[in-house]
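The values are calculated or read from the model by the stated rules, or taken from the named source; none is laboratory data. What you see is a predicted model, and the numbers here were worked out from it, not measured in a lab. With ideal geometry, Cβ positions are generated from the backbone for all residues, glycine too; neighbour counts draw on all protein chains shown.
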Amino acid sequence: MAKKLLEGIRIVDFTRVIVGPLSIKALSDYGAEVIKIESRKALDQFRSSGPEPDLSPQFTQWNTGKLSITLDLTNPKSVDVVKRLVAKSDIVIESFAGGVIEKLGLGYEELKKVKPDIIMLSSCMQGQTGPYARHPGWGFQLSALSGFCHITGWPDRQPPELGVYTDFIAPHFNVTIILAALLYRRRTGKGQFIDMAQFENGLQFTAPLILDYMVNHRGASRMGNRSNYAAPHGVYRCRDEYTWCGISMSTDKEWESFCKVLGNPAWTKEPKFSTPASRKENEDELDNLIEKWTISYTPERVTMMFQQAGVVIDRLPTGIYQLGKNPRGTYRCQSEDRWCAISVFTDEEWESFCKVMGNPAWTKDPKFSTLLGRKENEDELDRLVEEWTINYTAEDVMTMMQEAGVAAGVVETGEDQLEHDPQTKHRNMFPELEHPTLGKHHAPASPFIMSKTPCEIRRSPLLGEHNEYVLKELLGMSDEEVAGLVIEGALE
Amino acid sequence: MVSKEKTEGMLSPYRVLDLTDEKGLLCGKILGDLGADVIKIERPGGDCARNIGPFYHDEPDPEKSLFWFSFNANKRGITLNIESIDGQEIFKKLVERADVVVESLPPGYMNKIDLGYSVLEKINPGVSLVSITPFGQTGPYSDYKISDVVAWALGGYMYSVGDSDRSPVRVGLYCQSYLHAGGQAAQGAMMALYHREMTGEGQSIDVSIQDSLTRCTPERITANWDFNKRVARRGERILSIRRIWPCKDGYVYAIYWGGRNARRWNSPLVRWMESEGVATDFMENFDWDSFNMMDATQEIIDSIEEPTLKLFGKFTMAELLEGALKHNAQVYPFATTADIASNPQLASRYFWVEVEHPELGTSITYPGPFAKNTELPPRIFRRAPLIGEHNEEIYEKELGISKEKILRLKQAEVI
């Protein structure tokens, strides 16, 4: 097998949650050997989000291909182990709040002593220096601080929950500068310390708005999905998709739990539903009654309620049955809203757009015939467009528009990305992996495909899975030494 | 004022030819900040991304686009019609001495004009071609069109953003989505350079804008479907206590945590309330250690939200940011661009950079470099190029094309 791109590069990884793990994933997926320093006392927050550290779906996404060792870093013996490891590594990456790594005795000045050409990158919220260096926080708050929350959403509403958006910006800069530092070390023999502020990374993505303020003194504001250069340029409601759940009950105990979740409505007390045999006999009626209840809830909500009550239930893929054809044991839930984004820039695109809709009369109205006119009457335009899109599935709207040369795209859910989108499938964006405790699952691949050195996505590690490999094979420790670390509480 | 002189950077030995439009400008910008010699090749008359606003003093002009300024600083600029035979010959000469070519033309277009990777590789086996397209070079959507809002839709981030009674909404700032493709392209270009240093060979890199956005899809969307068949819905509160709080002049973001970190992260807020005299008996006596968000009743939520709203309502965003530091509370403002411009942390790190624009008779304050490192840190030393600004420097001085020939090429609209 061909050598992998970053084969031979070893990285010591102290990072948690997303920014650090996602940055390093880019390197491990291309062949670097990444040793994640973990601790049972201070778990990666994603590991502690599941019932067990090794049963976290979230953790699997950003930690592919890494090795895991569990060390209590407050123990000086652990600090020694880390230093021995750093002496055999090329890169160290950490994302603690500013100043924490120094307190552990693992700051750059210390690590440089054991490996003079080490490349160390620290990525924290606001940088290692300045009054806010040690101020802790998450991508949630940083997306607010760096201005993204303020400019996202509707002008007449408060800004929406944006999630940890800046966590997905910082990795671009982290990966690029790490690789630049590797090239520089190759050329000069010099390592270095890299201070990355996720705040300053984020501002690279709002530069035009900042210049607008500096030059024109204009504060940026929210404009929904609109653009100055196109109309329509928005997201339109399409035909709702039916959703389904599968419920099965065999024992009386399950039937009781089931009725309890429904709030014990009167019909559940009727004798014709009192035994498994009578329920079987009156199954049509029973199914109708159940669906009358499930239809008011999303399949997720139904699943959650029943799982807590111990009834076996599945969420079935969206839209798998047409209405009225669902087989026994499957029930329709609240429909899922579906959306398609459409944008029309040029007059030519406008003509194609109108043609796809069958040139309804309103499209001939002179007020919509120019971009300026469409911008001036955009509220009305958006309403009219949606009156058309609501009759079609989001997929149909996208296909019809794209075939006519108009940019359009389904607003994809996780289900769309993993199961329906033929393009992400074509590029194998979510390869299937096998995990010892979580089983078969998917994790994201690289957004770029390299012709000669493809990435390889390997599953995420179990907590402490590679303790033995790191200590014995890499550091050459004897069984006694390793046992000593356990006894002293350094190795967890 | 920064020096106009280029000094050595980590990527100084490398040359990048940049054929991108708004879909990929950031790639060359990042490599240029790190010291690479990035030559922006525009069609005669100038790149269409120069028409994207906002504009200097609101004057729409291809030499006054602040969008263009933002993502082309540090680059040199030449004009060249790569569709003409003469233009292609000149381009091939440039490729001889280039390390990376980055482009965002439609899939297969470079092949069509006979400048595909197989041609470039013959001219220079070490060169890498980074191609940014909406959906990748091949596949069922490869001929589909993209726009900013369409990228957000197909990338998957959008579905969970926005209020449940309205449509999903994109992250603000027009063309924001494409910046992720530019960032991925920069990563890909660096990977290719590393491989080239190890083996001597270049390669082609196929960047998809859709996949670059998919990379930003939070794990709660993909993993939730993969493992639990759960769809993350808009307006669905992840936790039941609000996270966005009104204050005197805007909003702040603050999370009440449950579970193992609840006491550590929530009690600074309670102490802050105490010092402002708005703490309630409930807050002072609340047992954070056993607090589980899933069990929180409406009564508990109200008892937590009420004094918190009181605390934040007393102050402005700037006051709360300062207070958060003092009380070690994770409270952050919904900053506006004005707030960012006056942010004390950025000032203390000398983040802002003054960049001269002699032809505008002024200098403009830019966001500074993306890193502070001990060896040859990234710099912003020069404003974006004017249209064809470095034609003479590159065509005459570097390629040795005579003045007469250049005149002829200009008349033929090659440059």
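Scanning segment B:276-325 for residues that are within 14 Å of another protein chain (Cβ to nearest Cβ) and under 18 Å from B:Trp245 (Cβ atoms) turns up B:Met293, B:Leu309, B:Phe312, B:Met317, B:Ala318, B:Leu320, B:Leu321, B:Glu322, B:Gly323, B:Ala324, B:Leu325.
Where helices (runs of 4 or more DSSP H) fall wholly inside segment B:278-370, the ranges with 2 or more residues that are farther than 25 Å from A:Leu162 by Cβ are B:281-285, B:298-313, B:344-348. For segment A:343-369, the set of residues classified as polar (S, T, N, Q) and either over 21 Å from B:Asp148 (Cα atoms) or touching a helix residue (DSSP H, G or I) at 6+ places or on another chain (Cβ under 7 Å) (or both) consists of A:Ser343, A:Asn359, A:Thr363, A:Ser369, listed by residue number. Kindly evaluate A:Arg218 against the criterion of being surrounded by fewer than 22 Cβ atoms within 10 Å (Cβ to Cβ), free of Cβ contacts under 8 Å to residues at least 12 places away in the same chain and assigned to a helix (DSSP H, G or I). No: the conditions fail for A:Arg218. Yes or no: segment A:187-199 includes at least one residue that is basic (Lys, Arg), over 30 Å from B:Ala335 (Cβ atoms) and touching a residue at least 40 places away in the same chain (Cβ under 8 Å). Checked segment A:187-199: at least one residue is basic (Lys, Arg), over 30 Å from B:Ala335 (Cβ atoms) and touching a residue at least 40 places away in the same chain (Cβ under 8 Å).
The helices (runs of 4 or more DSSP H) falling completely within segment A:330-393 that include 3 or more residues that are free of Cβ contacts under 8 Å to residues at least 40 places away in the same chain and closer than 23 Å to B:Asn51 by Cβ map to A:347-356, A:371-376.
Matching residues to (1) modelled with pLDDT of 95 or more; (2) more than 9 Å from every other protein chain (Cβ to nearest Cβ); (3) crowded, with 24+ Cβ neighbours inside 10 Å:
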| residue | (1), (2), (3) |
| --- | --- |
| B:Tyr109 | yes, yes, no |
| B:Pro134 | yes, no, yes |
| B:Ser142 | yes, no, no |
| B:Val149 | yes, no, yes |
| B:Asp165 | no, yes, no |
| B:Tyr174 | no, no, yes |
| B:Gly182 | yes, no, yes |
| B:Ala185 | yes, no, yes |
| B:Ala189 | yes, no, yes |
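Considering segment A:403-454, the residues that are more than 7 Å from chain B (Cβ to nearest Cβ) and polar (S, T, N, Q) include one that is farthest from the chain's Cα centre (by Cα), namely A:Thr437. Among the residues that make up segment A:128-141, is at least one of them among the aromatic types (Phe, Trp, Tyr) and more than 7 Å from chain B (Cβ to nearest Cβ)? Yes: segment A:128-141 contains one or more residues that are among the aromatic types (Phe, Trp, Tyr) and more than 7 Å from chain B (Cβ to nearest Cβ). Assess whether A:Lys25 counts as being among the basic types (Lys, Arg), free of Cβ contacts under 8 Å to residues at least 40 places away in the same chain and in a helix (DSSP H, G or I). When the stated conditions are applied, A:Lys25 does not pass them. Here B:Pro307 passes the criteria (1) within 32 Å of the chain's Cα centre (by Cα); (2) outside the structural domain of B:Phe71 (by TED's automatic domain parsing) except the one numbered (1). Got at least one residue in segment B:217-238 being at pLDDT 95 or above, within 7 Å of chain A (Cβ to nearest Cβ) and not in a helix (DSSP H, G or I)? No; the residues of segment B:217-238 include none that is at pLDDT 95 or above, within 7 Å of chain A (Cβ to nearest Cβ) and not in a helix (DSSP H, G or I). Taking the stated definitions as given, is B:Leu213 within 22 Å of A:Ile169 (Cα to Cα), more than 7 Å from chain A (Cβ to nearest Cβ) and either in a helix (DSSP H, G or I) or polar (S, T, N, Q) (or both)? Taking the combined requirement at face value, the residue satisfies it.
One residue is enough: does segment B:199-209 have a residue meeting the conditions more than 7 Å from chain A (Cβ to nearest Cβ), free of Cβ contacts under 8 Å to residues at least 60 places away in the same chain and part of a helix (DSSP H, G or I)? The answer is yes; a qualifying residue exists. When A:Ser296 is tested against (1) within 30 Å of A:Ala230 (Cβ to Cβ); (2) part of a loop (DSSP other than H, G, I, E, B); (3) hydroxyl-bearing (Ser, Thr, Tyr), only condition (1) is not met. For segment A:228-243, a tally of residues being surrounded by 21 or more Cβ atoms within 10 Å (Cβ to Cβ) and not in a loop (DSSP other than H, G, I, E, B) returns 7. Here segment A:165-205 is the region considered, the condition is being at the interface with chain B (Cβ under 7 Å from one of its Cβ atoms), under 22 Å from the mean Cα position of the chain (by Cα) and β-branched (Val, Ile, Thr), and the residue that is farthest from A:Gln61 (Cα to Cα) is A:Thr176.
Could you tell me which of the residues A:Thr152, A:Thr176 is in contact with a Gly (Cβ under 9 Å, 6 or more places away or on another chain), free of Cβ contacts under 8 Å to residues at least 12 places away in the same chain and either crowded, with 23+ Cβ neighbours inside 10 Å or in the same structural domain as A:Leu22 (by TED's automatic domain parsing) (or both)?
Checking each option against the conditions leaves just A:Thr176.
Out of everything in segment B:239-265 that is among the basic types (Lys, Arg) and in contact (Cβ under 8 Å) with a residue 12 or more places away in the chain, what residue ends up being nearest to B:Phe315 (Cα to Cα)? Selected residue: B:Lys248. The number of residues in segment A:160-197 being assigned to a strand (DSSP E or B) and of a type in the set (A, V, I, L, M, F, W, C) comes to 4.
Scanning segment B:8-67 for residues that are closer than 23 Å to B:Val95 by Cβ, among the charged types (D, E, K, R) and in a loop (DSSP other than H, G, I, E, B) returns B:Asp21, B:Lys23, B:Arg43, B:Asp47. Hey, among the residues in segment A:1-22 that are without any contact (Cβ under 8 Å) to a residue 60 or more places away in the chain and surrounded by 24 or more Cβ atoms within 10 Å (Cβ to Cβ), which one's nearest to the chain's Cα centre (by Cα)? Here the residue is A:Pro21. With respect to the conditions (1) over 29 Å from A:Ser28 (Cα atoms); (2) more than 7 Å from chain A (Cβ to nearest Cβ); (3) of a type in the set (Ser, Thr, Tyr), B:Tyr117 lacks only one, and its number is (1).
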